[in-house]
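Have a look at the structure below, then the notes.
The values are calculated or read from the model by the stated rules, or taken from the named source; none is laboratory data. None of these values were measured; they are calculated from a predicted model. As a convention, Cβ positions derive from the backbone with ideal geometry for all residues, glycine included, and neighbour counts pool all protein chains shown.
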Amino acid sequence: MKILLDTVTFLDSALSSNDLSERAKSLLMDANSELYVSVVSYWEIAIKYSIGKLALPHNPDHFLPKHRTKLGADILALEEESALHVIRLPHLHSDPFDRILICQAIVHGMVLLTPDPRIYRYPVRTAW
């Protein structure tokens, strides 16, 4: 199964948070899961870190690739089709980062691993 981690899921796994569900932990550890972290999540984390809204133990340019690699996840680039797919989404959620992650999951046929109930209202496969 191809799984796209939303930003909070990636951070929770990188920071060894207790906020991950048992299902999320199972999917992250499953050898059959193909894990992906979007460059969009990197962008969101870098913005929040740079304006002081997110504390990390190390600078994002070292912290993020290290933990992505530790998870065994690949990076997912943002390409034209996903960027333009946003015009097809109903406007149920105003967070632009979440909306583009939803688009990437739809376009690439991925399951979006997220605890956010607002995302469940979109036509995207989710797990938590």
### Task
Those residues that are surrounded by 14 or more Cβ atoms within 10 Å (Cβ to Cβ), under 23 Å from M1 (Cβ atoms) and more than 12 Å from the chain's Cα centre (by Cα), I need them from the stretch 70-98; list them, please.
L71, L78, S82, H85, L89
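Among the residues of the stretch 24-38, count how many are more than 12 Å from A73 (Cβ to Cβ) and either in contact with a Ser or Thr (Cβ under 6 Å, 6 or more places away or on another chain) or hydrophobic (A, V, I, L, M, F, W, C) (or both).
Total meeting the criteria: 3.
Residue-by-condition table, conditions (1) in contact with an Asp or Glu (Cβ under 6 Å, 6 or more places away or on another chain); (2) closer than 25 Å to N32 by Cβ; (3) at pLDDT 95 or above:
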| site | (1), (2), (3) |
| --- | --- |
| I75 | no, yes, yes |
| E81 | no, no, yes |
| F97 | yes, no, yes |
| I100 | no, no, yes |
| A105 | no, yes, yes |
| H108 | no, yes, yes |
| D116 | no, yes, yes |
